[in-house]
């Protein structure tokens, strides 16, 4: 189920912060329910992916010891039972708590199904499919709060996600070689680097434009975002992280500190002024 990867579902909470509704109990509850449902949905997607890739993962230096199916601590039959249970729980919870969010998560699961069996082998499409999952998380957070998702936030999320996905492929290629995944043989380190640089630059520019035009009180957060992009690349380049964005964030105290400071600065800047 990869609980450490659930940190990605924090993207669902971004509209809660940027809409300024983080002091409203109902909004907090709705956003947290959506994030929790995404945790269930992403867990189901990971189990399906691990079932499909179990033979390949057993040959991978890290995955062979970190993924239960690959290391043998969980059998395929047990994984399939858990997967079925997650689908049932997700369906019932969505129907009772947030039906429309359940539809969006259903779309997320369909995208991941296509990714697991087809799209992960298609260069460029694989990167955009990963990024789509992040955008869908942010969109879900906006829908559940009934707030518009601004074009700038959409572009920023897409570009940041493309950056993370490109860095993931970069690290897979450099650490495991082109034979580790079919799509990797169609990439080169130089090409992936160009994708990552372009995406990082676009993310920084679009976020800066979003802040300047819509949330000028968040100007202090722009340097934090720039530092975070720099630090993440350092973690990937020198510390051999980046194959898993969640592991890179949780494994580097400075990167994690910058993320916490960014969230705190956003809340402080958007804190409602007393009447």
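Does residue 96 qualify as being modelled with pLDDT under 90 and touching a helix residue (DSSP H, G or I) at 6+ places or on another chain (Cβ under 6 Å)? Show your work before the answer.
On the way: modelled with pLDDT under 90: yes; touching a helix residue (DSSP H, G or I) at 6+ places or on another chain (Cβ under 6 Å): no.
Against the criterion (modelled with pLDDT under 90 and touching a helix residue (DSSP H, G or I) at 6+ places or on another chain (Cβ under 6 Å)), residue 96 does not qualify.
Under the condition of being touching a residue at least 12 places away in the same chain (Cβ under 8 Å) and over 22 Å from residue 52 (Cα atoms), which residue from region 102-133 is farthest from the chain's Cα centre (by Cα)?
Filtering first and then ranking leaves 102.
Against the definition (part of a loop (DSSP other than H, G, I, E, B) and more than 22 Å from residue 213 (Cβ to Cβ)), how does residue 123 come out, yes or no?
It is true that residue 123 is part of a loop (DSSP other than H, G, I, E, B) and more than 22 Å from residue 213 (Cβ to Cβ).
Can you name the residue in region 190-222 that is in contact with a helix residue (DSSP H, G or I) (Cβ under 6 Å, 6 or more places away or on another chain) and within 30 Å of residue 52 (Cβ to Cβ) and is also surrounded by the most Cβ atoms within 10 Å (Cβ to Cβ) among such residues?
Here the residue is 196.
Are any residues in region 182-219 outside any helix (DSSP H, G or I) and within 20 Å of residue 155 (Cα to Cα), and if so, which ones?
Looking only at region 182-219, we keep the residues that are outside any helix (DSSP H, G or I), and these are 187-188, 215, 219.
If the condition is that a residue be outside any helix (DSSP H, G or I) and within 20 Å of residue 155 (Cα to Cα), then 215, 219 are the ones that fit.
Residues in region 194-203: is at least one farther than 23 Å from residue 255 by Cβ and in contact (Cβ under 8 Å) with a residue 12 or more places away in the chain?
no
Okay, residues lined up against (1) more than 19 Å from the chain's Cα centre (by Cα); (2) crowded, with 20+ Cβ neighbours inside 10 Å; (3) in a helix (DSSP H, G or I); (4) not assigned by TED's automatic domain parsing to the domain that holds residue 12:
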| position | (1), (2), (3), (4) |
| --- | --- |
| 160 | no, yes, yes, yes |
| 168 | no, yes, yes, yes |
| 233 | no, no, yes, yes |
| 237 | yes, no, yes, yes |
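Of everything in region 72-101, what is assigned to a loop (DSSP other than H, G, I, E, B) and under 22 Å from the mean Cα position of the chain (by Cα)? Give them in sequence order. Lay out the reasoning, then the answer.
Step one: list which residues in region 72-101 are assigned to a loop (DSSP other than H, G, I, E, B), which gives 72-75, 98.
Listed by number, the list holds a single entry, 98.
Results for (1) surrounded by fewer than 19 Cβ atoms within 10 Å (Cβ to Cβ); (2) modelled with pLDDT of 90 or more; (3) part of a helix (DSSP H, G or I), shown as yes or no for each residue.
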{"position": "23", "(1), (2), (3)": "yes, yes, no"}
{"position": "31", "(1), (2), (3)": "no, yes, yes"}
{"position": "50", "(1), (2), (3)": "no, no, yes"}
{"position": "56", "(1), (2), (3)": "yes, no, yes"}
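Taking only region 143-158 into account, find how many residues are in a helix (DSSP H, G or I) and within 25 Å of residue 201 (Cβ to Cβ).
Qualifying residue count for the region: 8.
Tell me which of these residue 66 doesn't satisfy, since it passes every other one: (1) touching a helix residue (DSSP H, G or I) at 6+ places or on another chain (Cβ under 6 Å); (2) modelled with pLDDT under 90; (3) under 23 Å from residue 134 (Cβ atoms).
(1)
Would region 243-253 turn up any residue that is exposed (fewer than 14 other Cβ atoms within 10 Å of the Cβ) and over 24 Å from residue 126 (Cβ atoms)?
yes
The values are calculated or read from the model by the stated rules, or taken from the named source; none is laboratory data. Since we're looking at a predicted model, the values are computed, not measured. Methodologically, a virtual Cβ is constructed for each residue, glycine included, from the backbone with ideal geometry; neighbour enumeration extends over all protein chains shown.
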